[in-house]
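Written out below as C-alpha cells is the structure these notes cover.
Here, each number is a calculation from the coordinates, and none is a lab measurement. Everything quoted here is computed from the prediction, not taken from an experiment. Here the Cβ is made from the backbone with ideal geometry for all residues, glycine too, and neighbour counts use every protein chain on show.
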Amino acid sequence: MIRTHTCGELRKEHAGQEVTLAGWVQNRRDHGGVMFIDLRDRYGLTQIKLDLDKSEVLELGQHVRNEWVLKVTGKVLERPEDMYNPKMITGQIELDVDSFEVISRSEVIPFETDEYSKAGEEIRMRYRYLDLRRPQMQRNFEVRHKAIAAIRKVMDEQGFLEIETPILGKSTPEGARDYLVPSRVHHGEYYALPQSPQIFKQILMVGGCDRYYQIARCFRDEDLRADRQPEFTQFDLEMSFAEPDDIFAIIENCMAEAFKAGIGAEVKGPFERMDYAAAIRDYGCDKPDLRFDMKLSEITDLVTECGFKVFSAVAASGGVIKALVAKGCQENYSRKDLDGLHEVIKCHGAKGLAWIKILPGGEYNGAPVKFFEKEQLDAIAARTGATEGDIMMFMADTAHIVNNSLATLRNKWGEMENLYKKDDFHFVWITDFPLFEWSEEHNRWESSHHPFTMIHPEDADQLLGAENKKGGNLGGIRSTSYDLVLNGVELASGSVRIHDSEIQAKIFSLLGISEEEAKERFGFFIDALKYGTPPHAGIAPGVDRMVAMMLGYDNIREVIAFPKNQKAMDLMTGAPAGVDEKQLRDLAIQNVAIQQPKKDA
RNA sequence: GGCCGAGUGGCGCAAUUGGUUAGCGUACCAGACUGUCGAUCUGGUGGUCGCGGGUUCGAAUCCCGUCUCGGUCGCCA
C-alpha cells in the first residue's frame, strides 16, 4: 500500500510518528503563510498542514484543487488543545507535511460533494462515481454490507446453504412482466430473467437441499416507484419440513442481527402477529404502521338508519362506513384544513371525507351533526373511542375505497402529528392472506401471492367443489402465507408451499390454467412434485428496502450503487441503448417500432 | 396510461404573480492573509429562463403543444 494509515485512523497516540496518507482533497484553506487541506478517504478526514517553513511544499499546495488525489508524507502533530476540532474524529491531530505528490488531478466537479450539498438526483445519478464519494453514501454501502454479512453469518450458523439459481430462465407468464433475453442459438426463443428464484428454490427442496438461501437479484419489468427498481435484491430462503413459526424465528434472528450489525439498533423478536383480516379491519391495509395506535372503527350498523344520506345510502347499498379518530386535535384543525384532507385521499376514488369534532364540554361540531340524534352521536363516539377534544373522520363507500383512503389518511396523520419516532422499528407479521383475489381486468380469481401457496388448513375443505366465478366463495379462502411489515412497509413475503401434486393440480385448474397449459408452463415443476416432495416453506425479504429503512430513507435508490431512474434508465451508462444491426441479425430480431431518438447520454 | 409537482449561470434556489439591465448562495478564476476547519476579505468570469408555437406595447411569469426529472394511482403472482 502506498499509504501507512487511512484518513480516519490517526489519533493523538500517533503524535510524533512519520506517516503517509493518500486520499482526495475535500477542502483547502489557504492563509498565505499556512495552508490546511482536509484529505478524505473511505475512513474519514484528516487535516494536513502546509507551512511556510517548507516553502516549496506550500508553493505546490497553492495549485491543488478539490477532488485531486494526493499522497502526503509527514509527521503527526497533536494540535494545541484550543485547536481541537470536535467535529472530526481525527480532530485532535494534524499532519505536518514534509512532502506530497499529486497522484491524480480532477476537473472542476459538476456538483458539490460535501455534506451540505443539495445536488438533485439527476445530476447525482449521471455522475454517480462522484456521488458515491460522499461520506453519506459510503456509510450507506457499509451499512448494507454489514447487514448482509450478518444475515450470511446467521444463515451459516443455522445450517443453510447459499446456492445460486439461474439468471437465464424460462418465462412463466404469471405475475409481473418479464425481462426477456433472446437466444442466438434458438431463433425466436427467449430466456426470461427471474422475477424471483421461486420455482428453483422449491425444486432445491425436492432435491433434498433442505435449507437454502441466496442474496438474489430479481427482475420485474413494471413501472417504478421510490421503493421499486426493475432489478432489486431479495434475501431469498426456503426450508424443508418447516412450519411458519420456524421461518419466523429464522427471520427474526436475521433482522435482529442485521439491524444490530448495520446500525446498532436493538430489534427484539418474537415480532407481533396479526392476521390479514384484523389488519384490514383495524388499519385498512395489509401493511399497517404500528409505531402509532389510531385504529379504524366500523360504524356501518350505527348509521343504517340516520338522516345523513351520505351514510345511510352507502350502508343500504352494501358499502361500509368507517371512522378514524384524531386524538386531541380538535383545536388544531380548522374546517378548511379538514376539508383539504380530501386531496390526500381522492387518488383512491374517495368522494369526500366527513368529520365531526367533539368540543370541550362534549358538544358535537361538523356538517353531519344536524342529521343525527344526540344518542346516535354518543353511540358513534363510544364505538370509535372519541372523547372531548378529538376529531372523528368518516368515510362511506365500498370497503375497498374506505380502507384504502383511511389507511392513507392514517399514515398522513401519523406523519403530520409526529405520532412516532423515525428510528423506532416496529415489526409485525401479517398472516393468513386470502389465497385468491378477484381480477377485474381478467374477470376471474387469481392467486394473490403465487399459485404454489398452500391453502390454510382450516379452509382446506372449501376447495372441494369450488368454482372460479364472480361472487363464488374463493374470496373467503385463506392461505398459509405471511408478510413481514416494518413501519408500514412490506419487507418480506412468504408462505408454506404446496408439496402435493394433486393439490397443486387442483389450484391450477381453479385458476383456469388448463392441464396442457400447466404442463407447458410448469410441467417440470409439477413432475418434480410427484417424486417425493418434502413439505416446505420460505420467505424473501427485500434487501434494498430493509437497508433503506435502517438508514431512514423511503427511496431505495440511496442504497443501490447504480440504480435506474423512473423510466428504468441508467443515467450514467445510458442504458438501455440501441445495438448494432449485426447483433440483432445474430438474434433474428428486427425492430418493428421506430426507435425514439434519445437525448444524448 | 392517468393525476400532481418541478425544469432559470456548473450546482442549489429567487424574481413583489405580465413591467426597466433576470437576482442570491455556492462552485469557478484572480488577488490578499501564519491557525483555519462550511475559513475570511477584495475583485471578476459565467444565463437563448428545457424546447417549439401563440396571446400582448411588453412573457421566466399567461395559453397550447412537446421533452426531461420526481412523486403517486393503475400495475408490481
Practice problem: Have a look at A:Phe308, A:Ala150, A:Thr387 and report the one farthest towards the positive end of the charge dipole of chain A, computed about the Cα centre with Cβ charges (Lys/Arg +1, Asp/Glu -1). | Solution: A:Phe308
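Can you tell me what percent of all Cα-Cα pairs in the stretch A:292-416 are more than 16 Å apart? Could the numbers behind the result be given before it?
Details: 4447 of 7750 pairs.
Tail of P(r) above 16 Å: 57 percent of Cα pairs.
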Exercise. With 30 Å as the limit, write out which pairs from A:Lys470/A:Lys564; A:Lys12/A:Lys71; A:Lys374/A:Lys422 have Cα-Cα distances beyond it, or answer none.
Key: A:Lys470/A:Lys564; A:Lys374/A:Lys422
Practice problem: Report relative contact order for the stretch A:302-366 in percent, whole number only (criteria: Cα-Cα under 8 Å, sequence separation at least 6). | Solution: 16 percent
Exercise. Provide Rg and Dmax in Å for the stretch A:12-104, with only Cα atoms included in the calculation.
Key: 12.1, 34
Quiz item: Taking 0.36 nm per residue of separation and subtracting the Cα-Cα distance, what length does fully extending A:Ser183 through A:Asp586 add?
Solution: 144.2 nm
Quiz item: Percent of alpha carbon pairs in the stretch A:160-234 separated by more than 13 Å?
Solution: 69 percent
Practice problem: Name the residue farthest towards the positive end of the dipole of chain A from the options A:His442, A:Ser171, A:Thr73, assuming +1 on Cβ of Lys and Arg, -1 on Cβ of Asp and Glu, about the Cα centre. | Solution: A:Thr73
Quiz item: What are the radius of gyration and Dmax of the stretch A:471-552, computed over its Cα atoms and given in Å?
Solution: 16.7, 48
Self-check item: Dipole-positive endmost among A:Val267, A:Leu130, A:Ile526 within chain A (Cβ charges, Cα centre)
Solution: A:Leu130
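Just check the stretch A:153-300 against the gyration tensor rule for me: Cα atoms, a ≥ b ≥ c as the square roots of the eigenvalues, rounded for a/c under 1.5, and otherwise prolate or oblate depending on whether a/b exceeds b/c. Intermediate values should be presented prior to the final figure.
Details: a/c = 2.09, a/b = 1.39, b/c = 1.51.
It is oblate, given that a/c is not under 1.5 and a/b is not larger than b/c.
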Exercise. Work through the residues other than A:His187 whose Cβ is under 13 Å from its Cβ and net out their charges, Lys, Arg +1 and Asp, Glu -1.
Key: 0
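From the gyration tensor of the Cα coordinates in the stretch A:186-226, what semi-axes in whole Å does the equivalent ellipsoid have, largest first, with each one equal to sqrt(5λ)? List each step's numbers first, then the result.
On the way: eigenvalues 122, 66, 9 Å².
Over the Cα atoms of the stretch A:186-226, the semi-axes work out to 25, 18, 7 Å.
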Self-check item: Backbone N under 13 Å from the A:Glu115 label point (7 Å along Cα→Cβ), restricted to the stretch A:30-73
Solution: A:44-46
Quiz item: Which value does Rg/Rh take for the stretch A:249-288 over its C-alpha atoms, Rh per Kirkwood?
Solution: 1.14
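Where does chain A land at 222 nm, in deg cm²/dmol rounded to the nearest 500, when only DSSP H runs of n ≥ 4 count, each adding -39500 (n - 2.57), divided by all residues?
Numbers: 16 runs with 164 residues, N = 601.
Taken over chain A, the calculation gives -8000 deg cm²/dmol.
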Quiz prompt | Proximal aspartates and glutamates to A:Lys201, defined as alpha-carbon separation beneath 13 angstrom and excluding residues fewer than eight positions away on the same chain | solution = A:Glu162, A:Glu164, A:Asp210, A:Asp236, A:Glu238
Quiz item: Does anything in the stretch A:392-426 have its amide N under 19 Å from the 7 Å Cα→Cβ label point of A:Ser317, and if so which residues?
Solution: A:394-406
Quiz item: Based only on Cα atoms, what Rg/Rh ratio does the stretch A:356-417 have, Rh being taken as Kirkwood's radius?
Solution: 1.00
Exercise. Place a +1 charge on the Cβ of each Lys and Arg in chain A and a -1 charge on the Cβ of each Asp and Glu, then give the dipole magnitude about the Cα centre in debye, rounded to the nearest 20.
Key: 1120 debye
Quiz prompt | Tail beyond 35 Å, pair distance distribution of chain A (Cα, percent) | solution = 56 percent
Quiz item: When the chain is fully extended, how far beyond the present Cα-Cα distance does A:Asp339 get from A:Gln462, taking 0.36 nm per residue of separation?
Solution: 39.8 nm
Quiz item: Where does the charge balance sit around A:Leu484 when Lys and Arg score +1, Asp and Glu -1, over other residues with C-beta under 12 Å from its C-beta?
Solution: -2
Exercise. Quote the FRET efficiency, to the nearest 0.05, computed for A:Asp30 versus A:Lys421 with a Förster distance R0 of 41 Å and r equal to the Cβ-Cβ distance.
Key: 0.40
Exercise. Work out, step by step, the length gained on full extension between A:Ala382 and A:Lys506: first 0.36 nm times the residue separation, then minus their alpha carbon distance; give nm to one decimal.
Key: 39.9 nm
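What number, in percent, do you get for the relative contact order of chain A if the mean sequence gap of Cα pairs under 8 Å and at least 6 apart is divided by its residue count? Each step should come with its number before you reach the end.
Values: 1132 pairs, mean separation 76.4, N = 601.
Contact order relative to length: 13 percent.
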Quiz item: For the residues A:Val369, A:Val108, A:Val496, what sequence is obtained by ranking on other C-beta atoms within 10 Å, fewest first?
Solution: A:Val108, A:Val369, A:Val496
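Exposure proxy check: A:Leu353, A:Leu58, A:Leu52, A:Leu324 ranked by fewest other beta carbons within 10 Å? The partial results should precede the final answer.
Details: A:Leu353 22, A:Leu58 19, A:Leu52 13, A:Leu324 25.
Least crowded to most crowded, the residues run A:Leu52, A:Leu58, A:Leu353, A:Leu324.
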Self-check item: Rg and Dmax of the stretch A:350-499, Cα atoms only, in Å
Solution: 20.5, 62
Quiz item: Can you give the relative contact order of the stretch A:499-601 as a percent, counting alpha carbon pairs under 8 Å and 6+ residues apart?
Solution: 16 percent
Exercise. Name the aspartates and glutamates eligible as straight-distance cross-link partners of A:Lys519: C-alpha to C-alpha under 20 Å, and not fewer than 8 places from it in the same chain.
Key: A:Glu174, A:Asp178, A:Glu189, A:Glu446, A:Asp500, A:Glu502, A:Asp527
Quiz item: Can you list the equivalent-ellipsoid semi-axes of the stretch A:388-448, largest first and in whole Å, using the square root of 5 times each Cα gyration tensor eigenvalue?
Solution: 30, 19, 10
Quiz item: How would you rank A:Tyr531, A:Tyr179, going from fewest to most other Cβ atoms within 10 Å of each one's own Cβ?
Solution: A:Tyr531, A:Tyr179
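What is the projected area of the convex hull of the Cα atoms of the stretch A:227-279, averaged over all directions, in nm²?
Mean projected area for the stretch A:227-279: 5.7 nm², to one decimal.
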Exercise. Just list whichever of A:Lys295/A:Lys346; A:Lys336/A:Lys357; A:Lys268/A:Lys322 have alpha carbons separated by over 23 Å in the model shown.
Key: A:Lys268/A:Lys322
